[in-house]
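Novice: Take a look at this one; I'll ask things after.
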Amino acid sequence: MEIFRAPLLVREVPVDQTSSELDREWIVTNGLGGYASGTIAGLNTRRFHGWLIAALPAPHGRMMMLNQIEETLYIEDRAYQLTADNLSRATHTDTVSPFLKSFRLENGLPVFTYASDEFTLEKRLCMVHTQNTTYISYCLLRGDGVRLELRPAIDIRPHEGSVGGPRHEDYRFSAIEGGYELAVSSDLPPLRLAWVGDDTSFSLSIHQVTELRYRVEQSRGYDWQGNLWSPGWFCARLSTGQKASLVISTENWNHVNALTPEHAFAAEAERRRRLLRSAPEEARSGIAAELVLAADQFLISPVGRTADAVQAHSIGDEVRTVIAGYHWFTDWGRDTMISLEGLTIATGRTREAEYILRSFAKYIKDGLIPNMFPEGETSGLYNTADATLWFFHAIDRYIRATEDSETLEVLVPKLLDIIDWHQKGTHFGIGVDPSDGLLRQGAEGLQLTWMDAKVGDWVVTPRRGKAVEINALWHNALCVTAFWLETVGDKDRARELSGTAARVRQSFNERFWAPQLGYCYDVVDTEAGGDDPSLRPNQVLAISLPHAVLDEAKWEPVLKVLRERLLTPFGLRSLAPGEPDYKPRYDGDLLARDAAYHQGTVWGWLIGPFFDAWLRTWPDDLDTARGLLAGFDKEMSHAAIGTISEIFDAEPPYDPRGCIAQAWSVAEVLRCELELSRREKNAAAEPAVLTRGA
């Protein structure tokens, strides 16, 4: 039997000591929703940047535990500042250390190299899977008589909390056998620190860091000037080949001491090797393999949902969900279902897909799955019209991949109940219009579709009425459920749902197609009356879903319009240029950003439905399909290294915006990359087959 040897995946990022190093970021996650993240330069430009953001049970949620580390290397009396800013100065500047020479990801994990004529120092980082523990390892590759000093700076707070600074009188820092503890309050675990090496020490020297500027938060209109507190500094004396490692954790000391730094890095390397081994062959190298590792960041075991975990464990299941995006999103039903195929099925993690589907099935309430779970809470919000319909699509992709009849048998009664609720009407005005069989939705003051920006009482794109993608999803849900009923022998109900789907299809093509425009209305029977002719990308789902609701004769004109007016190198614009509400850039304060969020801003995940629709319409046009994905490789070295952002500006240079790592962006690009690789492989093999048969 051939042993799979995972390749070393290296993404090297040139370092030029300019401000671009302050814009490029890295992130490492722990499978719980916790993370470590920062800029390549080492300057914290966001309130979310830190070395340990721990995922703690409700009511805490994710907590910033260690914000910044000032790193200084000394050779005799010469000091080399390794971080972008010196926390000891009275004023702080956005500077980049001249000693930062390279940054790369090795199998998705950051490696920093610092060097001068006298030394070369390498820094590596990993987190322990399903633990709130970060390891930072420093290895002197060249030099002698070197003293490395690290000064940690801390403001323990919710990761989205104010950066104003800690109450110093609440901090209790103490040395214990084998390490140090910083206690803040009785309801929070202490921050535990261990400094591991042959010649290491700690010097107590309390220091307050003031007037720190979080430049990204400032540009986004948030609390941006903060203070930190430092208990002192760690010191290590290194010779060539020697290492020192800082361990940062909220776990108990038994967990912390169970792994040496060397074992922790080796264990994470082996875990990542297994992820690649489990993935399809096409996903074990190149950009697809990098995306497999990026996908892993979003699959988590939610912390604190004890009742859910107990119920799942009682039947041999686990609770799994999907973090929609880092840094600030939690798990969202819609994002989870759209992402599920790319994150799990495309990566060979079908068991986790099953756990996710079963987990969400337990949350069904009055025909709806949750829209999202707020930070630090155990119950969800249900204000969504499309997440539940995406649930059907996710189940369909899972069943097609696994033929898991047992899970299907469990889910079908729940799906029929969902359909019944939609037919008779459920919350938020979601229900079938008996006059045409189309699904309508809308409630005052709520945003129920994926175009869900809201500022105060202002719903930016309410789209109340009969939305095009909602009805495409509704038709698809009816069709897949009818097929499943056939497989389980309920032919009468299957015929009933097939008839319902046929009526939806007829009504859809009568009501949504606008011949004078050459594409579909975005919403018909709007709240204000009439139909909305805005050119948006939502209609692509009427072609891309497995059971396309739009008549085939209309596919080509729709796709040509979308390609001409909405397609960019990183996805589709959410509104066409020239429309009255079109916004070319997503920046400024919250009001300005949300006003642009779905009014032109490019969404990476939409490349997936467009890719599917294109190949459904022109199945032999693999060159165009390859071009649709071509921009993402370069993008993975531009913003957050090794992953894909949530959104992009609507005009060149299409700057990345929003979350630095977004589940459905990564999932859809990976899914399309694998599908295209298979098609290209089959196309390349066809001439050879013909030749042999001649």
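Throughout, read-outs are computed from the coordinates displayed, never taken from laboratory work. The structure displayed is predicted, hence computed values, not measured ones. All Cβ positions, glycine included, derive from the backbone under ideal geometry; neighbour counts span all protein chains shown.
Novice: Relative contact order, percent, of the chain when contacts are C-alpha pairs under 8 Å separated by at least 6 residues?
Specialist: Values: 1486 pairs, mean separation 77.0, N = 694.
Relative CO of the chain lands at 11 percent.
Novice: Taking 45 Å as R0, compute the FRET efficiency from the Cβ-Cβ separation of Lys634 and Ser162 and round it to 0.05.
Specialist: Details: r = 36 Å, r/R0 = 0.81.
Working from the Cβ atoms, E equals 0.80.
Novice: If you don't mind, there's one more thing I want to ask. Order these by the 10 Å Cβ neighbour count, fewest first: Ile399, Ile69.
Specialist: Details: Ile399 19, Ile69 23.
Fewest-to-most Cβ neighbours within 10 Å comes out as Ile399, Ile69.
Novice: Assign unit charges at the C-beta atoms only (+1 for Lys and Arg, -1 for Asp and Glu), then state the dipole size of the stretch 18-273 relative to its Cα centre in Debye, rounded to the nearest 20. Present the calculation step by step, with values, prior to reporting the outcome.
Specialist: Details: 25 positive and 31 negative charges, 103 e Å.
For the stretch 18-273, the charge dipole is close to 500 debye.
Novice: Which value in nm describes the separation of the simple spin-label points at Glu686 and Glu318, placed 7 Å from the Cα toward the beta carbon?
Specialist: Using points 7 Å along Cα→Cβ, the separation is 4.1 nm.
Novice: Tell me which of Gly232, Tyr114, Leu56 sits at the most positive position along the dipole axis of the stretch 18-273, charges placed on C-beta atoms (Lys, Arg +1; Asp, Glu -1).
Specialist: Ranked along the dipole, the leading option is Leu56.
Novice: Rank these for me by crowding, Glu177, Glu71, going from fewest to most other beta carbons within 10 Å. Walk me through the numbers on the way to the answer.
Specialist: On the way: Glu177 5, Glu71 22.
In order of increasing Cβ crowding within 10 Å: Glu177, Glu71.
Novice: How big is the dipole moment of the stretch 535-671 about its Cα centre under a simple scheme where the beta carbon of each Lys and Arg is +1, that of each Asp and Glu is -1, and everything else is neutral? Debye, nearest 20, please. All intermediate terms of the calculation are to be shown ahead of the outcome.
Specialist: Working: 14 positive and 20 negative charges, 11 e Å.
I would put it at about 60 debye.
Novice: Let me ask something else. Could you derive backbone 3J(HN,Hα) for the stretch 647-662 from the dihedral phi with the Karplus parameters 6.51, -1.76 and 1.60 (θ = phi - 60°), listing whole Hz in sequence and x where the residue is Gly or Pro?
Specialist: 9, 9, 4, 7, 10, x, x, 6, 4, x, 9, x, 4, 6, 9, 10
Novice: Sticking with this one: How big is the gap, in Å, between the Cα center of the stretch 161-177 and the Cα center of the stretch 241-309?
Specialist: Going from one Cα centre to the other spans 29 Å.
Novice: Listed highest first by mean packing, meaning other Cβ atoms within 10 Å per residue, what order do 246-257, 569-580, 379-390 come in? Can you show the working numbers first?
Specialist: Details: 246-257: 18.4, 569-580: 20.2, 379-390: 23.6.
Peptide ranking by packing, descending: 379-390, 569-580, 246-257.
Novice: Here's something else I'd like to know. Can you give the local net charge around Pro653? Use residues other than it whose beta-carbon is closer than 14 angstrom to its beta-carbon, Lys and Arg +1, Asp and Glu -1.
Specialist: Details: positive: Arg585, Lys634, Arg657; negative: Asp23, Asp587, Glu635, Asp649, Glu651, Asp655.
Cβ neighbours under 14 Å give a net charge of -3.
Novice: For the stretch 570-694, evaluate the Debye formula with one uniform point scatterer on each Cα (no solvent term) and list log10 I(q)/I(0) at q = 0.11, 0.12, 0.16, 0.19 Å⁻¹, rounded to two decimals.
Specialist: At q = 0.11, 0.12, 0.16, 0.19 Å⁻¹ the computed log10 ratios are -0.44, -0.51, -0.79, -1.02.
Novice: Multiplying the sequence separation of Leu8 and Phe202 by 0.36 nm and subtracting their Cα-Cα distance, what value in nm do you get?
Specialist: Values: separation 194, 0.36 × 194 = 69.84 nm, distance 3.58 nm.
Stretched fully, the Leu8-Phe202 segment lengthens by 66.3 nm.
Novice: Continuing with this model, one more query. Spin-label point model (7 Å from Cα, Cβ direction): what's the Glu76 to Gln218 distance in nm?
Specialist: The answer from the label model is 3.9 nm.
Novice: Okay, moving on. List the pair-distance distribution P(r) of the stretch 606-679, using every Cα-Cα distance, as the percent of pairs falling in each 10 Å bin from 0 up to the bin containing the longest distance, rounded to whole percents.
Specialist: 19, 51, 27, 3
Novice: First obtain the Kirkwood hydrodynamic radius of the stretch 18-273 from its Cα pairs, then insert it into the Stokes-Einstein equation at 20 °C and 1.002 mPa s, and state the resulting D in µm² per second as a whole number. Mind dumping the intermediate values first?
Specialist: Values: Rh = 18.3 Å.
Taking Rh from Cα pairs, D becomes 117 µm²/s.
Novice: In debye to the nearest 20, how big a dipole does the chain give about its Cα centre with +1 on each Lys and Arg Cβ and -1 on each Asp and Glu Cβ? Don't jump to the answer; show the numbers that get you there.
Specialist: On the way: 71 positive and 97 negative charges, 97 e Å.
Value, rounded to 20: 460 debye.
Novice: What translational D, rounded to a whole number of µm²/s, comes out for the stretch 433-559 from Stokes-Einstein when the hydrodynamic radius is the Kirkwood one over Cα pairs, at 37 °C and 0.692 mPa s?
Specialist: Numbers: Rh = 15.3 Å.
Here the translational diffusion coefficient equals 214 µm²/s.
Novice: Can you give the extra length, in nm with one decimal, that the chain gains between Leu591 and Trp618 once fully stretched, where that is 0.36 nm per residue apart less the Cα-Cα distance?
Specialist: Values: separation 27, 0.36 × 27 = 9.72 nm, distance 4.09 nm.
Separation in residues times 0.36 nm, less the Cα-Cα distance, equals 5.6 nm.
Novice: Using θ = phi - 60° and the Karplus form 6.51 cos²θ - 1.76 cosθ + 1.60, what ³J(HN,Hα) does each residue of the stretch 139-146 get, whole Hz, x for Gly and Pro?
Specialist: 10, 7, 8, 8, x, 8, x, 9
Novice: Another question about this same structure. Just name one of Asn371, Trp618, Gly658: the one whose Cα is farthest towards the positive end of the charge dipole of the chain (beta-carbon charges, Lys/Arg +1, Asp/Glu -1).
Specialist: Trp618
Novice: Hey, if you put +1 on the Cβ of every Lys and Arg and -1 on every Asp and Glu Cβ in the stretch 397-449, which of Ile430, Tyr398, Pro413 ends up farthest toward the positive end of that dipole?
Specialist: Farthest along the dipole direction, towards plus: Ile430.
Novice: A follow-up question, please. For Thr487 paired with Lys424, estimate the spin-label separation in nm (one decimal), with each label point 7 Å from Cα along the Cα-to-Cβ line.
Specialist: 2.8
Novice: Would you mind calculating the gained length between Glu496 and Leu416 on full extension (0.36 nm times residue separation, minus the Cα-Cα distance), in nm to one decimal?
Specialist: Difference between extended and current length: 27.6 nm.
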